[in-house]
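Undergrad: Encoded as structure tokens, here's the structure I'll be asking about.
The values are calculated or read from the model by the stated rules, or taken from the named source; none is laboratory data. Computed from a prediction, not measured in an experiment: that's the story for all the values here. Note that we place each Cβ from the backbone using ideal geometry, even for glycine, and neighbour counts take in every protein chain shown.
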Amino acid sequence: MPLVAHTDLPTFRRLQEEGEEILDPERAKNQDIREMHIGLLNMMPDAALEATERQFLRLLGACNQIVQFHVHLFTIDGLTRSPDAQAHINKYYESFEQIKRDGLDALIISGANVVGSKLAEEDFWQPLTEVFCWANQHVTSVLCSCLATHALIQYTYGIQRTPIGKKRWGVYSHKTFNRTHPLVAEINTRFDVPHSRFNEIFQSDMEKHGLKVLVASKESGVHLAVSPDGFRTVYFQGHPEYDDISLLKEYKREVLRFYQGECDEYPPFPENYFNAAVQEVLLAYEQQAKQAKQTGGIIEAFPEYLVLEHIDNTWRDTAKAVFNNWLGKIYQLTNQDRRLPFMEGVDPDDPLGL
């Protein structure tokens, strides 16, 4: 689906520089194809705010080129922002009130960083539940990422996420289930997905409440599940939107946190992500970093330039396929009036007729 640069959001220019097809509004007006309007509720912290924009827009823009694709970014109260991040939001994001007035065909809700152990005590909880309630009535399908998955499942079914004792962090092999479901039709039966989290909602708890698990891993648990109706809510516990270097950047941040005294233990490698050549480089760097912390010396620059050529992306093709399936079904089901969730004759409780 061609992305339409209907605002001056810098992410559009960045994606165009990467080779993505971006339509300017005038050119879009001269194409006689349907528009789809997708919301992105971006709750990620400042350091990842624009990267999250790029990651999800890149996935959406890679889908079937039969629709003009308008992305509407917004966020909610209760998330601490720096002056620069708030200025970016004020300039390029829409308000939730505007989103509600204009309507959406679909909604993506990103993850977020939290400090406390109880989601319902977070400052963003009430604003987030207001988005949930509105979307349930007015949006064809909502796709939740990581923490948003945990929050919506807790809000809807009362299932509390469970701390897993350590960070589940790396790239894991997954297997598809219920291969006749439209979201996983015609994709690989086994594929990789990155994960990065300290908490989990288990498959058994999901299935007790009627959720349908479509993709899971013995190592990392459920990646993809859907609401009992099969489509209205899509839950990701993994991060298929991640760039190839997202986990590398996260590892680098954890190393700096160790050096700065924010955590006591040097971070382990993300699982199944660094090959032997990368591990050799980073083990040598670990010794220097530990010595610098111990002696009060200056840490050397992180050796990204030595490892970038060894970092592989083993998940993007399947991520694109799942997003393409998701948007394709929305295209078939949703009303051309984006303020209405379905065309006439679609049963909201069984939109796929499963």
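Undergrad: Among the residues of the stretch 1-36, count how many are touching an Asp or Glu at 6+ places or on another chain (Cβ under 8 Å), closer than 21 Å to SER141 by Cα and surrounded by fewer than 21 Cβ atoms within 10 Å (Cβ to Cβ).
TA: Total satisfying the criteria: 1.
Undergrad: Do you know which residues across the stretch 191-205 are at pLDDT below 95 and surrounded by fewer than 17 Cβ atoms within 10 Å (Cβ to Cβ)?
TA: Within the stretch 191-205, PHE198 is the sole residue that qualifies.
Undergrad: Hand me the list of helices (runs of 4 or more DSSP H) wholly inside the stretch 262-354 holding 1 or more residues that are over 23 Å from the mean Cα position of the chain (by Cα) and within 26 Å of SER145 (Cα to Cα).
TA: Here the list reads 316-333.
Undergrad: Among the candidates ALA301, ALA276, ALA319, which residue alone is small (Gly, Ala, Ser) and surrounded by 12 or more Cβ atoms within 10 Å (Cβ to Cβ)?
TA: ALA319
Undergrad: Here are the criteria: (1) under 23 Å from LEU143 (Cα atoms); (2) in the same structural domain as GLN294 (by TED's automatic domain parsing); (3) among the small types (Gly, Ala, Ser). Tell me which single one SER196 does not satisfy.
TA: (2)
Undergrad: Give the residues of the stretch 100-114 that are crowded, with 23+ Cβ neighbours inside 10 Å and not in a loop (DSSP other than H, G, I, E, B), sorted by residue number.
TA: ALA106, LEU107, ILE108, ILE109, listed by residue number.
Undergrad: Moving to a separate point now. Evaluate the following for LYS208: is it charged (D, E, K, R), closer than 23 Å to THR162 by Cβ and either modelled with pLDDT of 95 or more or crowded, with 20+ Cβ neighbours inside 10 Å (or both)?
TA: It is true that LYS208 is charged (D, E, K, R), closer than 23 Å to THR162 by Cβ and either modelled with pLDDT of 95 or more or crowded, with 20+ Cβ neighbours inside 10 Å (or both).
Undergrad: Criterion first (loosely packed, with under 15 Cβ neighbours inside 10 Å and either in contact (Cβ under 8 Å) with a residue 12 or more places away in the chain or not assigned by TED's automatic domain parsing to the domain that holds HIS195 (or both)) does SER117 satisfy it?
TA: Spelling it out, SER117 is indeed loosely packed, with under 15 Cβ neighbours inside 10 Å and either in contact (Cβ under 8 Å) with a residue 12 or more places away in the chain or not assigned by TED's automatic domain parsing to the domain that holds HIS195 (or both).
Undergrad: Filter the stretch 285-343 for residues that are over 30 Å from ASN272 (Cβ atoms) and either at pLDDT 95 or above or of a type in the set (Lys, Arg) (or both) and give the result.
TA: If the condition is that a residue be over 30 Å from ASN272 (Cβ atoms) and either at pLDDT 95 or above or of a type in the set (Lys, Arg) (or both), then LYS329, ARG338, ARG339 are the ones that fit.
Undergrad: Another question about this same structure. Does the stretch 317-336 contain any residue that is over 24 Å from GLU186 (Cα atoms) and of a type outside the set (Lys, Arg)?
TA: Scanning the stretch 317-336 turns up at least one residue that is over 24 Å from GLU186 (Cα atoms) and of a type outside the set (Lys, Arg).
Undergrad: Identify all residues within the stretch 165-193 that are in contact with a strand residue (DSSP E or B) (Cβ under 7 Å, 6 or more places away or on another chain) and either among the small types (Gly, Ala, Ser) or not assigned by TED's automatic domain parsing to the domain that holds GLY116 (or both); write none if there are none.
TA: Within the stretch 165-193, GLY170, SER173 meet the criteria.
Undergrad: OK, next. I need the full set of residues from the stretch 221-260 which are among the small types (Gly, Ala, Ser) and either crowded, with 23+ Cβ neighbours inside 10 Å or assigned to a loop (DSSP other than H, G, I, E, B) (or both), in order please.
TA: ALA225, SER227, GLY230, GLY238
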